[in-house]
Amino acid sequence: MRLPLTVSILAALMTTAANATPHADTLYSGGPIITMNDKQPQAEAVVVRDGNIAFVGKRNAALRFSPSAQQVDLQGHTLTPGFIDAHGHISGVGLQALSANLLPAPDGEGNSIPALQKIMREFRANSAVPGGYKVLIGFGYDDSQLAEKRHPTRTELDAIATDIPIILMHQSGHLGSYNSKALEMAGITADTPNPEGGVIRREPGTSIPDGVLEESAHNLALAKLMPVMTLEQAMAMLEAGQALYMKFGYTTAQDAKTDAGTLAMLPLAGKAGKLKIDVVSYPDIQVALTDPAMHGPYYGLKYTDHFRIGGVKISLDGSPQGKTAWLSQPYYKVPEGEKPDYAGYPAFPDAQVNALLDKAWENGWQVQAHANGDAAIDQLIHAVAAAEAAHPDNHLMPILIHGQTLRRDQIDPIRKLGIFPSLFPMHTYYWGDWHRESVLGPERAENISPTGWVLAAGMKFTSHHDAPVVFPDAMRVLDATVNRTTRSGHVLGPAQRVTPEQALKSITLWAAEQYAEQASKGSLEVGKRADMVVLSDNPLTIARPQLHTIKVLQTIKDGDVVYRAND
């Protein structure tokens, strides 16, 4: 989900961030300190010096090490490494600043189509955004949580307004509902064919669009309708997204599937001093093939002004909750109008995926591959095997993103190919019941995002939020990874649950390994960067069902407090 962006280098906007002045040492003690370092899992004190961790150990020894350090009393609260975003879209999170909140409970009030209509009418009446941008946007509706258990249609959006284009974006980001004005402006009529990798849904028995667009059809329409933004507006949106990340304890964020405009904006935001945490971009692979930034100073492991390019992103299929993910077996309940054997569809044919990944290996680019359905995972396995065979000297550790229907028989092939799994257990809470009742059925749903299988195979994994699909709430990530409890209270796949320590590693140390940054991040060890979080409770000792209630009190980046809960 990207916003078109006009980038012009405005001298007035560009102010070089002031060089950081040395800080006095800071000594943290007075509460549990979880290091994520197996050799020293807990400590009484941590000393920070010039943005790095200088000491970890006993408090008395810390006082001798730095007798003049500024002392911070944790007051019984817990200190952990800063959280690392294994997969998300930080620039897309700012989109919510332009949108009405259509999320269902507990994150919003979008639980029926009349509720969506009411929210959109009130947003238009009370916000200057729709009039200023000449489009009315709502984000986050979820058909699985609507009372009607379906998507809103063109005619239901026309009941809100017909004089302005209306776009309601599905929570997955893979579908959207459009009113008649929006379809007209996007050039979609009864005669418009489905684009490759997408679907224009039709009214029953006709070719008339019903307003719901899937995958590439949705993306193409968005490109025509989303407002073109100035550099200043885009930076403001980025800052809004960053503020949300810092609120939830993230000290490293990801911008996946970055478009060309955003890729040009991000280093400018860094130069302007607007990036307070590290941001790693993974541009869309088709953007990367022609963008000179992929061969410039920002590509690689070194950050410049908190920004770097880490690799490329390719999406191989869609959304399981939206029933566009590519499965090997049919959906438990196929979407209305589809044949009984409907199993979703790929984003690209095999030959194109093979060619794109070959180009990535040729350039030495790490690949993040969005693959929700097991058929898409098969496609990834075959493409990686071909790329590895063609470029045996380039071992790039590709990343499987989501892997929700990863089959047990696919675990060993991804292990042998060195594919690192970044899984999405948050689905167990948000869509677990929907997976059981409609998407996959009770048996297949039990093993979505199979963290237990991965660990049993001797592999590590990361757990992510995919913001703005859901809020970048690290404690919700932790809770879902440990408990796998659905909205209704069902434990979805008890064999796939992990311990709180393993879940915490999945958003700290193991996430640092995914980024090849474990030498400087992911644990509280001497010489690593002082990226830390102060939590209201200890995630290793709190009752497991209460993990999601833990609050982030402070987020500390390179020794500087960038978020305080009371500010």
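The values are calculated or read from the model by the stated rules, or taken from the named source; none is laboratory data. Remember, it's a predicted structure, so these values are computed and weren't measured experimentally. Positions of Cβ are generated from backbone atoms using ideal geometry, with glycine treated the same way; all protein chains shown enter the neighbour counts. Side chains included, ligands, DNA and RNA excluded: accessible areas come from the protein's heavy atoms. Shrake-Rupley method; radii C 1.70, N 1.55, O 1.52, S 1.80 Å.
Temperature 25 °C, viscosity 0.890 mPa s: under these conditions the Stokes-Einstein estimate for the range 503-542, based on its Kirkwood radius over C-alpha pairs, is 226 µm² per second. Dipole check for the range 267-423: with +1 at the C-beta of Lys and Arg, -1 at the C-beta of Asp and Glu, and the Cα centre as origin, the magnitude is about 600 Debye. Simple rule: put +1 on each Lys or Arg Cβ and -1 on each Asp or Glu Cβ in the range 479-566, find the dipole, and look at Leu547, Ser488, Thr508; the Cα lying farthest toward the positive end is Ser488. Taking the Cα centre of the chain as reference, the dipole from Cβ charges on Lys and Arg (+1) and Asp and Glu (-1) amounts to some 1080 debye. Taking every alpha-carbon pair in the range 244-291 and binning the separations at 5 Å intervals from zero gives 5, 21, 27, 23, 16, 7, 2, 0 percent. Under Stokes-Einstein, with the Kirkwood radius over Cα pairs as Rh, the value for the range 321-371 at 37 °C and 0.692 mPa s is 254 µm²/s. Placing unit charges on each Cβ (+1 for Lys and Arg, -1 for Asp and Glu) gives the range 127-268 a dipole about its Cα centre, and among Pro209, Leu157, Gly249 the Cα reaching farthest toward its positive end belongs to Gly249.
Charged side chains reduced to their Cβ positions (Lys and Arg at +1, Asp and Glu at -1) give the range 415-458 a dipole of some 300 debye around its Cα centre. Volume of the convex hull of the range 474-567 (Cα atoms only), normalised per residue: 111 Å³. For the range 436-507, the spread of Cα positions along the three principal axes, ordered from largest to smallest, is 31, 31, 18 Å.
With the largest listed first and rounded to whole Å, the semi-axes of the equivalent ellipsoid of the range 85-238 from the Cα gyration tensor are 23, 18, 16.
Stokes-Einstein diffusion coefficient for the range 132-185 at 37 °C in a medium of 0.692 mPa s, Rh from the Kirkwood formula over Cα pairs: what value in µm²/s? So the translational diffusion coefficient is about 290 µm²/s. Each Lys or Arg adds one and each Asp or Glu subtracts one; over the other residues with Cβ under 10 Å from the Cβ of Thr251, this totals 0. With contributions of -39500 (n - 2.57) from each DSSP H run of at least four residues, the per-residue ellipticity at 222 nm computed over the chain stands at -8000 deg cm²/dmol. Largest first and in whole Å, the equivalent-ellipsoid semi-axes of the range 56-110 read 42, 14, 11, each the square root of five times a Cα gyration tensor eigenvalue. In order along the range 483-497, the phi-based Karplus estimate (6.51 cos²θ - 1.76 cosθ + 1.60, θ = phi - 60°) of 3J(HN,Hα) comes to 9, 6, 9, 7, 4, 7, x, 6, 7, 8, x, x, 5, 9, 5 Hz; Gly and Pro are listed as x. Each residue of the range 165-182 was assigned a 3J(HN,Hα) from its phi angle through the Karplus expression (A = 6.51, B = -1.76, C = 1.60, θ = phi - 60°), giving x, 10, 10, 10, 8, 5, 4, 6, x, 9, 9, x, 10, 10, 7, 4, 4, 5 Hz with x at Gly and Pro. Farthest towards the positive end of the charge dipole of the chain, among the residues Ala54, Gly176, Pro81, is the Cα of Ala54, using unit charges on the Cβ of Lys, Arg, Asp and Glu. Holding the Cα-Cα limit at 20 Å, pick out from Lys247/Lys551; Lys257/Lys521; Lys134/Lys181; Lys39/Lys460; Lys276/Lys528; Lys247/Lys460 the pairs that are longer than that. From the list (Lys247/Lys551; Lys257/Lys521; Lys134/Lys181; Lys39/Lys460; Lys276/Lys528; Lys247/Lys460), the Cα-Cα distance tops 20 Å for Lys257/Lys521; Lys247/Lys460. Quick check on the range 470-525: what does the Kirkwood estimate of hydrodynamic radius come out to from the alpha carbon pairs, in Å? Over the range 470-525, the inverse of the mean reciprocal pair distance is 12.3 Å. Scaled against 2.2 N^0.38 Å for its residue count N, the alpha carbon radius of gyration of the range 34-129 is 1.85. Taking other residues whose beta carbon is less than 14 angstrom from the beta carbon of Ala269, and scoring Lys, Arg as +1 and Asp, Glu as -1, yields -1.
Here, the range 289-349 yields an orientationally averaged convex hull projection of 6.8 nm² when only Cα atoms define the hull. With Cα atoms as the point set, the range 190-336 shows a radius of gyration and Dmax of 18.7, 56 Å. Counting only DSSP beta bridges whose two residues both lie in the chain, roughly 50 percent are antiparallel. Rounded to the nearest percent, how much of the accessible area of the chain (1.4 Å probe, protein heavy atoms only) is carbon and sulfur? Percent of accessible area from carbon and sulfur atoms in the chain: 52.
Taking Lys and Arg as +1 and Asp and Glu as -1, the other residues whose beta-carbon sits under 12 Å from that of Val279 total -1.
Note on the range 360-480: the alpha carbon radius of gyration divided by the globular reference 2.2 N^0.38 Å gives 1.09. Entry comment: accessible area of the chain is 37 Å² per residue, from protein heavy atoms only and a probe of 1.4 Å. Sorted into 5 angstrom bins from 0, the C-alpha pair distances of the range 302-446 split as 2, 10, 19, 21, 18, 13, 9, 6, 3, 1, 0 percent. Sequence-ordered 3J(HN,Hα) estimates for the range 422-436 from the Karplus curve with 6.51, -1.76 and 1.60 and θ = phi - 60° stand at 9, 9, 10, x, 4, 4, 4, 7, 5, 10, x, 5, 5, 4, 5 Hz, glycine and proline given as x. Take the Cα coordinates of the range 260-325, assign each an equal point scatterer, and use the Debye formula without solvent to give log10 I(q)/I(0) at q = 0.18, 0.19 Å⁻¹. Treating every Cα as an identical point scatterer, log10 I(q)/I(0) equals -0.67, -0.72.
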